[in-house]
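Beneath this line is the structure, given in structure tokens, with notes to follow.
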Amino acid sequence: MTNGSYFAFKTVDWGNMGAATWETIWMTIVSMIAVAILGVLLGLLLFETTASNNFAVKALNWIVSFLVNVFRSIPFIILIMLLLPITKNLVGTIIGPTAALPSLIVSAAPFYARMVELAFHEIDRGVIEAAEAMGASQWQIVYKVLLPESMPALVSGATVTTISLIGYTAMAGAIGAGGLGNLAYIDGFQASNNTIVLVATVIIVIIVFIFQFIGDFLVRRIDKRTL
Amino acid sequence: MIEFKDVTKTFNTKEGDLTAVADVNLTIEDGEIYGIVGYSGAGKSTLTRMLNGLETPTGGEIDINGDKITGLSGSELRQKRQKIGMIFQHFNLLWSRTVLKNIMFPLEVAGVPRKERKEKAQHLVDLVGLTGRENSYPSELSGGQKQRVGVARALANDPEILISDEATSALDPQTTDEVLDLLLEINKKMNLSIVLITHEMHAIRKICDHVAVMDSGRVVEQGTVFNVFRNPQQEITKRFVNEEVDPSLSDTNIVLDDLIKSYPNGTIVQLVFHGDQAKLPIVSEIIHQYPDLQVSIIEGSIHQTQEGAIGTLYLQLIGNSDNVDGAMALLKKMRVETEVIHHD
Ligand SMILES: Nc1ncnc2c1ncn2[C@@H]1O[C@H](COP(=O)(O)OP(=O)(O)OP(=O)(O)O)[C@@H](O)[C@H]1O
Ligand SMILES: [Mg+2]
């Protein structure tokens, strides 16, 4: 027993703590990679299908937009429960870091897709039109204009999304997904060991700071709009 | 050669149909600089955007060197666009690319091999006078320098036509002249046709061969710059020409009013002379032949156009009617256009 002390560091199993830290980082990075890819694709789809006169395209935009809004509105903790059967089918288990991935991705991708769409809309119409006037194809416009010109916004959006994903991994951890959230809940909260809760918190804060730092650094490196 | 044949463009807007371009017929010869002038909303941009398929005409057709451009789509249209350079009022450069890479953009689009791309872009950097700034980003350049990048980029794929849509409107007068000089130089060097949209007659006069005046979607007047400046027909053209030939026209009118008041007996005439006439000693000739006539110069200006000089001069003549009539006859003999503004 630790008498509720926050500073009984002898009670911390650093091996477990390290493993949990790694699980958190792994869940964050793997889900973020998937979220980045899906988010950019969905954002691009939303961007390209707005302002179309074609009825089918309009309908597609409406449906995707609606789904994105729906999934963005579902609280994460409820989304996990909602996706349990699908997760079980997909991953074969509902426990452990891998099991957390589907819900992490499904919750963050729509969030990021909206940011991507917004970033594309912020590009000057004139620049896209100049590319068109030079004979660029739709695809060339995407990878030579839309992506590079919105890169700072895409990266800062990805940073924000990554940080909220770290929060989600902790929540997922509390219901069995592993990682620091899981450790803090089982070994900390349920065992009344406040030290473990505190240490897990500090590590999560450090992880968040590191991602924020990397994101800010990259944005500063890429952004050539003002010097 | 570019031919607009009965070209019409109607937009369906929420407020109803809007005809931005109406029945335009224009022919632009190879190697000439064709100016299109008109007030905001006249349809200039819409007209030229149909040239590279950024807009599709709702009526008529456009031919470039005998090929029908209207109705092209997909890769055919993109191929054609590579041969039509365009420069813009707000430059529309990619801020994420350096000067050199911006100029390489159209070459990438056209699938030019890497090494060749670089050489060509470097050559264009030199041509537009930006040597040494290859690796700068647009945000590090002045407006004039940005437009030079725009020009270099527009020239990358050896276009047949260059469209300039208000390309100098965001620049100060000095930089405007630099960019216009650059366009003229390119036009001469490469025998490239240029379509120059502007609302400044100054730009037209300085570098254009022909000019079309647009008003509410229609071309209301067209001809050589020289003729249009000398003899504007439409009210709107006169306004444009006056603004330019004589920016201080309103001042002159005040001076004229004063003079008419203070010299009720005087005859005030406006002289317009062209080309070599501007070099003739017209005033001294009048004084020489009619020594009793008092001649005072109220206001005068001379402007250079591509075809020669155009000058205006306001004179006040005081004396008996024989002398005045004689002087007028002399001016007529020297083939100077005269207009009596006030007579007693
Ligand atoms: N995509 C569009 N949809 C609806 N109306 C349009 C569109 N583009 C242009 N117009 C209208 O067509 C008319 C002509 O516009 P245009 O841009 O060609 O004028 P402009 O002569 O280039 O003017 P400016 O000197 O301001 O550039 C305007 O009334 C404009 O509102
Ligand atoms: Mg315009």
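The values are calculated or read from the model by the stated rules, or taken from the named source; none is laboratory data. No experiment lies behind these values; they were computed from the predicted model shown. Cβ coordinates were reconstructed from backbone atoms using ideal geometry, including for glycine residues, and neighbour counts include every protein chain displayed. These accessible areas exclude ligands, DNA and RNA; they are computed on the full protein's heavy atoms, side chains included. Shrake-Rupley method; radii C 1.70, N 1.55, O 1.52, S 1.80 Å.
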Volume per residue that the Cα convex hull of the stretch A:1-91 spans, once the total is divided by residue count, Å³: 171
Choice from B:ALA329, B:ALA212, B:ALA156 showing the highest fluctuation, given a GNM over chain B with Cα pairs closer than 10 Å: B:ALA329
Angle in degrees between helix A:14-49 and the longest Cα principal axis of chain A, rounded to the nearest 10: 20
With all protein chains modelled, accessible area of B:ARG239 [1.4 Å, Å²]: 130
Dipole magnitude (debye, nearest 20) for chain A, charges at Cβ of Lys, Arg, Asp, Glu: 80
For residues of B:93-100, the mean tally of beta carbons on other chains within 10 Å: 5
Those aspartates and glutamates that a straight Cα-Cα span of less than 16 Å connects to B:LYS332, excepting residues fewer than 8 apart in one chain: B:ASP276, B:GLU285, B:ASP322
Cα-based convex hull, chain B, per residue volume (Å³, whole number): 165
Subset of B:LYS80/B:LYS238; B:LYS80/B:LYS118; B:LYS68/B:LYS101 violating a 30 Å alpha-carbon distance limit: B:LYS80/B:LYS238; B:LYS68/B:LYS101
Among beta bridges that DSSP assigns inside the stretch B:2-232, antiparallel share in %, nearest 5: 50
The stretch A:49-118 and the stretch A:193-227: distance between their alpha carbon centers, rounded to Å: 25
Highest-MSF residue in chain B out of B:VAL241, B:VAL195, B:VAL112 [GNM, Cα springs under 10 Å]: B:VAL112
Within the protein assembly as shown, percent of DSSP bridges classed antiparallel, to nearest 5: 70
Relative pair counts by distance (%), Cα atoms of the stretch A:15-179, 5 Å bins: 2, 9, 16, 18, 17, 13, 10, 7, 5, 3, 1, 0, 0
Solvent exposure ordering (accessible area, 1.4 Å, most first) of A:PHE76, B:PHE11: B:PHE11, A:PHE76
Share of carbon and sulfur in the accessible heavy-atom surface of chain B [1.4 Å probe, %]: 46
Residues of the stretch A:135-152 buried by at least 20 Å² on assembly (accessible area, 1.4 Å probe, chain alone as reference): A:GLY135, A:ALA136, A:SER137, A:GLN140, A:LYS144, A:PRO148, A:GLU149
Protein accessible area in the stretch A:15-179, 1.4 Å probe - carbon and sulfur %: 72
Rounded to the nearest 10 Å², the accessible area of B:SER301 at probe 1.4 Å: 30
Cα centre as origin, Lys/Arg/Asp/Glu Cβ charges: the protein assembly as shown dipole, Debye: 2920
Globularity index of the stretch B:20-117, i.e. its alpha-carbon radius of gyration over 2.2 N^0.38 Å: 1.25
Largest-first ordering by accessible area, 1.4 Å probe, given options B:ASP177, B:ASP325, B:ASP276, B:ASP165: B:ASP276, B:ASP325, B:ASP177, B:ASP165
Per-selection metrics, the protein assembly as shown (Cα): Rg and Dmax in Å: 35.0, 127
Residue among B:HIS343, B:THR198, B:VAL283 farthest towards the positive dipole end of chain B, charges placed on Cβ: B:THR198
Shielding of B:82-88 by partner chains, average beta-carbon count, 10 Å: 3
Lys, Arg +1 and Asp, Glu -1 on Cβ, resulting dipole of chain B about Cα centre, debye, nearest 20: 1620
The stretch A:130-175: mean projected area of Cα convex hull, nm²: 4.1
Computed over the stretch B:40-198, Kirkwood Rh from alpha-carbon pairs, angstrom: 16.2
For chain B, built as a Gaussian network whose Cα springs stay under 10 Å, the top-fluctuating residue of B:SER193, B:SER321, B:SER40: B:SER321
Exercise: per-residue mean of other protein chain Cβ atoms within 10 Å, B:181-188: 0
Solvent-accessible surface (1.4 angstrom probe) belonging to B:ASP215, in square angstrom, nearest 10: 60
Over the stretch A:132-227, equivalent-ellipsoid semi-axes from the Cα gyration tensor in Å: 41, 15, 6
